[in-house]
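The values are calculated or read from the model by the stated rules, or taken from the named source; none is laboratory data. Only a predicted model underlies this, so the values are computations on that prediction, with no experimental measurement involved. Cβ coordinates were reconstructed from backbone atoms using ideal geometry, including for glycine residues, and neighbour counts include every protein chain displayed. Protein only, heavy atoms only, side chains kept; ligands, DNA and RNA dropped before computing areas. Shrake-Rupley method; radii C 1.70, N 1.55, O 1.52, S 1.80 Å.
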Amino acid sequence: MRALYWFREDLRLLDNPALTSMCMQANEAVFVFVIPQSNQWSQGAERMGPHRRRFMLESLMNLDRALRKKGNELLVLHGNPDEAVVECAKQWNCNAVFSQKCHTDEEVRSAESVSKSIPHHTEEAATLVHPQDLPFAVDDLPEIFSRFRKKIEKNGLDIRAELPVPIIPARPQGMPITEHFAPDIPYRMTGLPESTILFEGGEDEGWKRLKHYFWGTQSLSEYKQTRNGLLGWDYSSKFSPWLAWGCLSPRSIYHAIRQYESDKEANDSTYWLIFELLWRDYFRFIAMQNGARIWHATGLKEAPRNPVSHHPLQWKAWCTGNTRSPFVNANMHELRLTGFMSNRGRQNVASYAIHDLRLDWRACASWFEHWLIDFDPCSNTGNWLYVAGVGNDPRPQRKFDVDWQAERYDPETVFQSHWNRLGEVFPIEPNYVP
Ligand SMILES: Cc1cc2nc3c(=O)[nH]c(=O)nc-3n(C[C@H](O)[C@H](O)[C@H](O)COP(=O)(O)OP(=O)(O)OC[C@H]3O[C@@H](n4cnc5c(N)ncnc54)[C@H](O)[C@@H]3O)c2cc1C
């Protein structure tokens, strides 16, 4: 069989069930990734900003190199993803398309459109717990995370094994070898201090990071105590960009944690990283359960929980880091200048946007979508719904006291001085805000 493999949120060879399934059935294969032509919101702003674009292109170059070492290559196409995939499959007379299953509205529709033209096999791999291994149907997902987690952990976590890198089929006979994928990479910000977090995309870099965080510095052993940090590389795992692009699978991380526990030590911290991966799963299952509903202004509720008065000046102040809170501003500058913000920062700027400035959560989520390297539609929307109190959690929502949080997590204002100074040195271009 000759097949086309469509890489989507899974830019890796290791532990990739759809890829493995295709490699077991096909003797010739074409590997494709499609960069969507339309990268714009209706207001004209770009959905994917420069940091994420850079990470994506680096990840694609790494994947192309890995496939070439195995006698094949990656074709990077531009266009409407489903049309480009079908056209390419027809051009090379492929009998079937294989891909990882996606769960958000637009991606699901795109997969369905491919299935109308050609046999299309998909496999689940986005979550740590395989949807078929849940002790309940996705439609019966518990409304509160802790209930979800307890049900999953009741009989011990039983996570499927990691799949090895499969034997890659040859390229179709007669298919010309193209040049290595070498795109124009958006420039990195220069002039930032050397300690600044700057991610590099690709499966190899993801593993380098994991090995550093686990066996290199053994920071995993202290994760629970350090995870609310604000400055530096090792207060948290920083796995999110590689997870969002699928350069690392949550299962691989899970099995590496178990390996670390048997090599070094098992403690609250090693468990806590698994706990956080379950949060990630939870938001993915919410997206599976609710489809396009997660994007509604009122989220999963009938009415908004908080009054919304999306004032353009407040909105601009929030986006550009010019609010009355130096703590919020510092986080917003970090996001714009690096493509990353800590979890503590995200919780605070989101609470401030919703509860203090009364902004529309969807506009704020789209600002995050533009800047975050680790943007993941399920985790981003799920967290915004949660902070806005319009997710599926029925409990009263929490408003953060941002000044208190700044006192507690940045008592010497080191973080705030650092990023507020850099925000002044590298101001946002005047017309950048949507
Ligand atoms: C408003 C808001 C928006 C967010 N948007 C995103 C997003 O687009 N993409 C994204 O990956 N995360 C998002 N998060 C969750 C979280 O902030 C990041 O996953 C985390 O900061 C990434 O850093 P880390 O990898 O060092 O995390 P660690 O603390 O090391 O955690 C390990 C992994 O667990 C998962 N995780 C941890 N916390 C959460 C959480 N609250 N929700 C979902 N998964 C979690 C992530 O995959 C993370 O990489 C958002 C949180 C908030 C409050």
Subject >> Distance between modelled label sites at residue 296 and residue 393, nm, 7 Å Cα→Cβ extension >> reply: 2.0
Subject >> Shape category assigned to the range 92-221 from the gyration tensor of Cα positions, a/c cut at 1.5 >> reply: oblate
Original post:
Relative to the longest principal axis of the chain, what angle (0 to 90°, nearest 10) does the C-alpha long axis of helix 377-388 take?
Top reply: 20
Subject >> Stretchable slack from residue 303 to residue 130, in nm (0.36 nm times residue separation minus alpha-carbon distance) >> reply: 59.0 nm
**OP:** Take the range 139-191, compute every pairwise Cα distance, and split them into 10 Å bins from 0; I just need the percent in each bin.
**Re:** 14, 17, 16, 18, 29, 5
Original post:
On average over all directions, what projected area in square nanometres does the chain have, based on the convex hull of its Cα atoms?
Top reply: 20.9
Subject >> Label point distance in nm, residue 162-residue 143, each placed 7 Å from Cα along Cα→Cβ >> reply: 3.9
Subject >> For the range 156-303: rounded, prolate or oblate by the Cα gyration tensor [a/c cutoff 1.5] >> reply: rounded
Original post:
If each of residue 218 and residue 151 carries a label point 7 Å out from its Cα toward its Cβ, how far apart are those two points in nm?
Top reply: 3.9
**OP:** Considering only protein heavy atoms, with the full assembly of protein chains and a 1.4 angstrom probe, order 234, 184, 393 by accessible area, largest first.
**Re:** 184, 234, 393
**OP:** Work out, step by step, the length gained on full extension between residue 432 and residue 211: first 0.36 nm times the residue separation, then minus their alpha carbon distance; give nm to one decimal.
**Re:** 75.8 nm
**OP:** With runs of 4+ DSSP H residues as the only contributors, calculate the mean residue ellipticity of the chain at 222 nm using -39,500 (n - 2.57) per run, divided by the residue total and rounded to the nearest 500.
**Re:** -13500 deg cm²/dmol
Original post:
How much of the accessible area of the range 2-125, in percent, comes from carbon and sulfur atoms when a 1.4 Å probe is used?
Top reply: 46
Original post:
Straight-line reach from residue 264: which lysines have a Cα under 27 Å away, not including same-chain ones fewer than 8 places off?
Top reply: 150, 154, 208, 211, 224, 238
Original post:
What translational diffusion coefficient, in µm²/s and rounded to a whole number, does the Stokes-Einstein relation yield for the range 312-425 at 20 °C and a viscosity of 1.002 mPa s, taking the hydrodynamic radius as the Kirkwood radius over Cα pairs?
Top reply: 152
**OP:** Using the heavy atoms of the protein chains and a 1.4 angstrom probe, tell me the accessible area per residue for the chain in square angstrom.
**Re:** 45
Subject >> Extension gain, residue 358 back to residue 113 (0.36 nm per residue minus Cα-Cα distance, nm) >> reply: 84.4 nm
Original post:
Can you give the accessible area of residue 150, probe radius 1.4 Å, in Å² rounded to 10?
Top reply: 130
Original post:
If r is the Cβ-Cβ distance from residue 65 to residue 198 and R0 is 22 Å, what FRET efficiency results, to the nearest 0.05?
Top reply: 0.60
Subject >> 20 Å Cα-Cα reach of residue 90 towards aspartates and glutamates, excluding residues that sit fewer than 8 places from it in its own chain >> reply: 28, 73, 82, 112
Original post:
Taking a spot 7 Å from the Cα of residue 228 along the direction of its beta carbon, which residues of the range 318-354 have an amide N less than 13 Å from it?
Top reply: 343-345, 347-348
Original post:
Once Rh for the range 2-125 is found with the Kirkwood sum over Cα pairs, what is the Stokes-Einstein diffusion coefficient at 4 °C and 1.567 mPa s, in µm²/s?
Top reply: 87
Original post:
For residue 136, what accessible area in Å² do you get when you roll a 1.4 Å probe over the heavy atoms of the protein chains, rounding to the nearest 10?
Top reply: 30
